[in-house]
1. Of all residues in the range 178-209, how many are touching an Asp or Glu at 6+ places or on another chain (Cβ under 9 Å), exposed (fewer than 12 other Cβ atoms within 10 Å of the Cβ) and outside any strand (DSSP E or B)?
2. Can you tell me which residue within the range 48-86, out of those that are modelled with pLDDT of 90 or more and β-branched (Val, Ile, Thr), is most open to solvent (accessible area, probe 1.4 Å)?
3. Wholly within the range 68-138, which helices (runs of 4 or more DSSP H) include no fewer than the required count, namely at least 3 residues that are more than 28 Å from ASN148 (Cα to Cα)?
4. Could you give me the residue pairs with C-beta distances under 8 Å whose first residue belongs to the range 94-120 and is over 25 Å from GLY205 (Cα atoms) and β-branched (Val, Ile, Thr), whose second residue is assigned to a loop (DSSP other than H, G, I, E, B) and open to solvent by less than 70 Å² (accessible area, probe 1.4 Å) wherever it lies, and which are 6+ apart or on separate chains?
5. Which condition number in (1) touching a strand residue (DSSP E or B) at 6+ places or on another chain (Cβ under 9 Å); (2) of a type in the set (Lys, Arg); (3) exposed (fewer than 10 other Cβ atoms within 10 Å of the Cβ) is the one that LYS249 fails?
6. Quick check on my filter: what residues within the range 145-154 are part of a loop (DSSP other than H, G, I, E, B) and buried (at least 16 other Cβ atoms within 10 Å of the Cβ)?
7. Hey, among the residues in the range 156-177 that are acidic (Asp, Glu) and open to solvent by less than 90 Å² (accessible area, probe 1.4 Å), which one's farthest from ARG138 (Cα to Cα)?
8. Every residue in the range 30-41 that is assigned to a helix (DSSP H, G or I) and either open to solvent by less than 60 Å² (accessible area, probe 1.4 Å) or in contact with an Asp or Glu (Cβ under 6 Å, 6 or more places away or on another chain) (or both), please.
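The values are calculated or read from the model by the stated rules, or taken from the named source; none is laboratory data. Everything numeric here is computed off the predicted structure, so don't read it as measured data. When we count neighbours, we look across all protein chains shown, and the Cβ atoms used for this are built from the backbone with ideal geometry, even at glycine. SASA here: full protein model, heavy atoms, side chains in, ligands and nucleic acids out. Shrake-Rupley method; radii C 1.70, N 1.55, O 1.52, S 1.80 Å.
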Amino acid sequence: MKKIILTLIAAVGLAAGAAHAAGDTLAWDKAPNKTNDLASLQNGAKVFVNYCLSCHSAAYMRFNRLRDIGLTEQQIKDNLLFTTDKVGETMKASIDPKQAKEWFGANPPDLTVIARSRAGHGGTGADYLYTFLRTFYRDETKATGWNNLVFPNVGMPHVLWQLQGDRRPVFEAHESHGHNTEVFKGWEQITPGTMTPLQFDQNIGDLVNYLQWMGEPAQNTRWRIGVWVLIFLGVFTVIAWRLNAAFWKDIK
């Protein structure tokens, strides 16, 4: 019995420590959920192909599936086919896996379902990606020259830095539980990018929308069908109830 009590106390302590650690992490920003916005999805696909596909594959997504977001096959061929000549091919990265492992320490992960796999206590997978892609900062102590507030010591460089520019995180010292900690307060822009902060955030939002859609392209269709099914079941329930009342009224 004594061992059981000690085990329970230890478990509670670990849970409290985990909760405290979770509370100290950077809060995730809410991603714009616009997977029904075709213009947003098309721009997100363009950003993905131009900035992500050189290193990250989306091996379970075919280029011709982009017709579902309003692009014609000719538009796909003219603007998005950089790693293959066939519109029916999957989105495979052009980087050599061996070189990627040598440069970054690991082969960059496939992004087909990345938005579905990164959900956590801070929010949805889209929230994580939206925050992650907007919190890179220059760190000369790292091999890539970059670091990230959401994913410290990440091996991925800031491929969108020319759009966002160089920024420095600003921290404020606080004392908590007898320990000095640094709390993130905001950003200081060192050099401007080619986009304003608002434009950059909008483009990252479009990219995250595309990553959400790519993880389950049929999701919006499934939701629409589900709504009509529920409406049908509701109407049929009323009809069945009235028929049942009509059948049994004489027996009573």
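1. Number satisfying all stated conditions: 0.
2. Here the answer is THR72.
3. It comes to 73-79.
4. Partner pairs satisfying both residue conditions: ILE95/SER54; ILE95/CYS55; ILE95/PRO108.
5. Unmet condition: (1).
6. Listed by number, the residues that qualify are LEU149, VAL150, VAL154.
7. GLU172
8. Within the range 30-41, SER40, LEU41 qualify.
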